[in-house]
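What follows is a short report on a single structure.
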Amino acid sequence: MGINFSLKLAWRNIQSNKQIYLPYTISAMITVAMFQMMSSLMTNPFVEERSSLLPQLFALGTVVVAFFSIIFIFYTNSFLMKRRKKELGLYNILGLEKKHIRRVLWMESTILGVISIVFGLIVGNLLGQLGFLFLNYLLKLPTAMEYTLSSQSVLFTVILFIGVFFLAFIY
């Protein structure tokens, strides 16, 4: 079975099971967005200027969000796989070997992971900027707070969630 066929089968599976995959992808995107916002607050210059304790608090918050993100993605992934056991069994009966089924599942996980990470970063950046605009409006400080998106927080988010989606696939 070729890679193109696996990719087409994976995409068709995602489209035909969108009532299951859509909530999974949206929840993974929100999880990525929450983690990205917390990690970028940890490295925000405005936060660092205000107090030396605030970055440490946001670092602790980032660890907590990462822990709950891992648990949440593992839980939703196991729920997803339980719902698809019959479909995967049917593939086995129809003649697909386990390595082919594994390849299709890998393609599905990769597609969903990339979509979740990319759109989660976009949503996290937008929500972070909106949050800072709202805080600027409420506080009316003499200098406006800026929401900065550091490459370090984006890289950390991408690496963490690639690892989480990979471990969820292995599990």
**Fill in**
The residue from ILE14, ILE20, ILE30 that alone is at negative phi and touching a Lys or Arg at 6+ places or on another chain (Cβ under 8 Å) is ILE20
**Message:** Would you confirm whether or not segment 67-74 contains a residue that is without any contact (Cβ under 8 Å) to a residue 40 or more places away in the chain, under 30 Å from GLN129 (Cα atoms) and in contact with a helix residue (DSSP H, G or I) (Cβ under 6 Å, 6 or more places away or on another chain)?
**Reply:** no
**Asked** Take the residues of segment 144-171 that are among the aliphatic types (A, V, I, L, M), part of a helix (DSSP H, G or I) and surrounded by 13 or more Cβ atoms within 10 Å (Cβ to Cβ): which is modelled with the lowest pLDDT?
**Response** ALA168
**Request:** Mind listing whichever residues of segment 78-123 are surrounded by fewer than 17 Cβ atoms within 10 Å (Cβ to Cβ), of a type outside the set (A, V, I, L, M, F, W, C) and under 18 Å from the mean Cα position of the chain (by Cα)?
**Result:** SER78, THR110
**Request:** Might you check whether a residue that is open to solvent by 30 Å² or more (accessible area, probe 1.4 Å) and either in contact with a Gly (Cβ under 8 Å, 6 or more places away or on another chain) or among the charged types (D, E, K, R) (or both) occurs anywhere in segment 133-143?
**Result:** yes
**Message:** Tell me which helices (runs of 4 or more DSSP H) are completely within segment 1-77 and hold 2 or more residues being of a type in the set (Gly, Ala, Ser) and buried (at least 16 other Cβ atoms within 10 Å of the Cβ), or say none if there are none.
**Reply:** 3-16, 18-42
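The values are calculated or read from the model by the stated rules, or taken from the named source; none is laboratory data. Note that the coordinates shown come from a computational prediction; the quantities given were computed from them, not determined experimentally. Don't worry about glycine lacking a Cβ; one is built from the backbone with ideal geometry, like all the others, and counts go over all protein chains shown. When the accessible area is computed, the model is the full protein with side chains, heavy atoms only, and any ligands, DNA or RNA have been set aside. Shrake-Rupley method; radii C 1.70, N 1.55, O 1.52, S 1.80 Å.
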